[in-house]
Amino acid sequence: MNQILPLVKKLSDTHSLELSEYEELILNRNSESERQLRNLAVSVRHEIYGYDVYVRGLIELSNICRNDCLYCGIRRSNTNCDRYRLTPEEIIACSDEGYELGFRTFVLQGGEDSFFNDDVLGGIVREIKARHSDCAVTLSMGERSYESYKYLRECGADRYLLRHETANREHYMKLHPQSMSYDNRMKCLHELRELGYQVGCGFMVGSPYQTVKTLAEDLKFIEEFKPEMCGIGPFIPHKDTPFHDYPSGTLELTCYLLSIIRLIHPPVLLPSTTALGTIDPLGREKGIMSGANVVMPNLSPVRVRKKYELYDNKICTGEESAQCRECLSRRMKSIGYEVVVARGDIIR
Ligand code: 5AD
Ligand code: FES
């Protein structure tokens, strides 16, 4: 009666499907396949990570960016964007505050801002690692040279997030200006891996021109690359970008894909993203209940939070860091999970 349930079983048993089977799984999504995938994903997540939820303190260093990704609110061409850049001292202060609040991973994220060259960024990484030696530092600072990645790794950076955005070359070209290339994106990911970073890739769900085929390619890429981390969240239009009129990705498809990714690569660190919390008031809870195991509350100073607007109506732009952390702990408790004080490395 249901063609799709044997695929669910195959995925759960072998952690692998053919491209055409991933397509079928997405195309024939129904309430029964959603339920089964969710149950299987949650149960393998519990085997590995129990009911622990890892937190990452997200520090948004700068919204100045030399790139012009068509979907992104801080793209260079957006003249309505009110630009800011934190000073190294402010960034260090955020990490100190975060440490007191129980964060043991700091994610330094920002646009591709030339101010954060190797000297400056490396100095910040060194300082955070010196002050908080039991913490992991994750960078999410875009495409850089091999030498730069190497140097930052030597400075102590542990992890690097660089979403691949789409594993389909033609699709990649529709989301990015000509100056950016799919090949360079993939090259960066492979170099990061070679340098010993724990690497995160990822993509937006429901981005313009995304198809069932490109999504299947994303899943195949994840199956083969086996990233330590994988960030997926719904595309949300930003009013000052060329994609302002495109619809958002959905909660349902995002959660479905979270479950699938958990089954493809059981140990993966999988955040329930802020974007998911933005399209649904209980989005992050629903992400966790679909197999995600990480949340990334904001540690940036309150005055810059609204300015780091990759998409419209981003949540958590008002509260102070302590409130963000407490709010998330409470939310996770309400669904039977616990935010833990730990670096939260991948468990193999
Ligand atoms: N909607 C959702 N996610 C977005 N990102 C950028 N712009 C948007 C948007 N409009 C995601 C990209 C990027 C990450 C930092 O944020 O996938 O890699
Ligand atoms: Fe800054 Fe895409 S707009 S990296």
Open item on the list: Given (1) open to solvent by 50 Å² or more (accessible area, probe 1.4 Å); (2) farther than 25 Å from residue 199 by Cβ, identify the lone condition not met by residue 341.
Closed with: (2)
Task: Given (1) touching a Lys or Arg at 6+ places or on another chain (Cβ under 6 Å); (2) open to solvent by 40 Å² or more (accessible area, probe 1.4 Å); (3) of a type in the set (Gly, Ala, Ser), index of the condition residue 202 fails - done: (2)
Open item on the list: Condition first: open to solvent by less than 20 Å² (accessible area, probe 1.4 Å), assigned to a helix (DSSP H, G or I) and not hydrophobic (A, V, I, L, M, F, W, C). Now tell me which residues in the range 216-234 satisfy that.
Closed with: 218
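Answer yes if at least one residue in the range 136-143 is of a type in the set (A, V, I, L, M, F, W, C), open to solvent by less than 40 Å² (accessible area, probe 1.4 Å), in contact with a Cys (Cβ under 7 Å, 6 or more places away or on another chain) and away from ligand 1 (no atom under 16 Å from the Cβ), and no otherwise.
No, because not a single residue in the range 136-143 is of a type in the set (A, V, I, L, M, F, W, C), open to solvent by less than 40 Å² (accessible area, probe 1.4 Å), in contact with a Cys (Cβ under 7 Å, 6 or more places away or on another chain) and away from ligand 1 (no atom under 16 Å from the Cβ).
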TODO: Could you please find all residues in the range 319-338 being of a type in the set (Ser, Thr, Tyr) and open to solvent by 50 Å² or more (accessible area, probe 1.4 Å)?
DONE: 334
Task: Of the criteria (1) farther than 29 Å from residue 221 by Cβ; (2) open to solvent by 10 Å² or more (accessible area, probe 1.4 Å), which one residue 91 fails - done: (2)
Open item on the list: Just checking, does the range 317-324 include any residue being within 18 Å of the chain's Cα centre (by Cα) and charged (D, E, K, R)?
Closed with: no
Task: the range 147-182, residues that are basic (Lys, Arg) and under 20 Å from residue 246 (Cα atoms) - done: 174
Task: Unmet criterion (only one of (1) open to solvent by 20 Å² or more (accessible area, probe 1.4 Å); (2) in contact (Cβ under 8 Å) with a residue 24 or more places away in the chain; (3) more than 28 Å from residue 236 (Cβ to Cβ)) for residue 102 - done: (1)
TODO: Kindly indicate whether any position in the range 187-196 is touching a strand residue (DSSP E or B) at 6+ places or on another chain (Cβ under 8 Å) and surrounded by 19 or more Cβ atoms within 10 Å (Cβ to Cβ).
DONE: yes
Task: Selection count where residues are of a type in the set (Ser, Thr, Tyr) and open to solvent by 50 Å² or more (accessible area, probe 1.4 Å), scope the range 31-49 - done: 2
Task: Whichever residue in the range 235-272 is more than 12 Å from ligand 1 (Cβ to nearest atom), open to solvent by 10 Å² or more (accessible area, probe 1.4 Å) and of a type outside the set (A, V, I, L, M, F, W, C) and, among such residues, is nearest to residue 196 (Cα to Cα) - done: 267
- [ ] Only residues that are hydrophobic (A, V, I, L, M, F, W, C) and either under 13 Å from residue 139 (Cβ atoms) or surrounded by 24 or more Cβ atoms within 10 Å (Cβ to Cβ) (or both): list them for the range 56-71, please.
- [x] 58, 59, 61
Open item on the list: Out of the residues in the range 272-296 meeting the condition of being in a helix (DSSP H, G or I) and of a type in the set (A, V, I, L, M), tell me which one is farthest from residue 200 (Cα to Cα).
Closed with: 279
TODO: Run residue 316 past the list (1) touching a Ser or Thr at 6+ places or on another chain (Cβ under 9 Å); (2) open to solvent by 10 Å² or more (accessible area, probe 1.4 Å); (3) at pLDDT below 95; (4) more than 15 Å from ligand 1 (Cβ to nearest atom) and report the number of the one that doesn't hold.
DONE: (4)
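Based on this model, can you work out whether residue 334 counts as among the hydroxyl-bearing types (Ser, Thr, Tyr), within 30 Å of residue 76 (Cα to Cα) and in contact with an Asp or Glu (Cβ under 8 Å, 6 or more places away or on another chain)?
Numbers: among the hydroxyl-bearing types (Ser, Thr, Tyr): yes; within 30 Å of residue 76 (Cα to Cα): no; in contact with an Asp or Glu (Cβ under 8 Å, 6 or more places away or on another chain): yes.
Spelling it out, it is not the case that residue 334 is among the hydroxyl-bearing types (Ser, Thr, Tyr), within 30 Å of residue 76 (Cα to Cα) and in contact with an Asp or Glu (Cβ under 8 Å, 6 or more places away or on another chain).
The values are calculated or read from the model by the stated rules, or taken from the named source; none is laboratory data. Please read all numbers here as calculations on a predicted model, not as lab measurements. Cβ sites come from the backbone with ideal geometry, for glycine too, and all protein chains shown count toward neighbours. Protein only, heavy atoms only, side chains kept; ligands, DNA and RNA dropped before computing areas. Shrake-Rupley method; radii C 1.70, N 1.55, O 1.52, S 1.80 Å.
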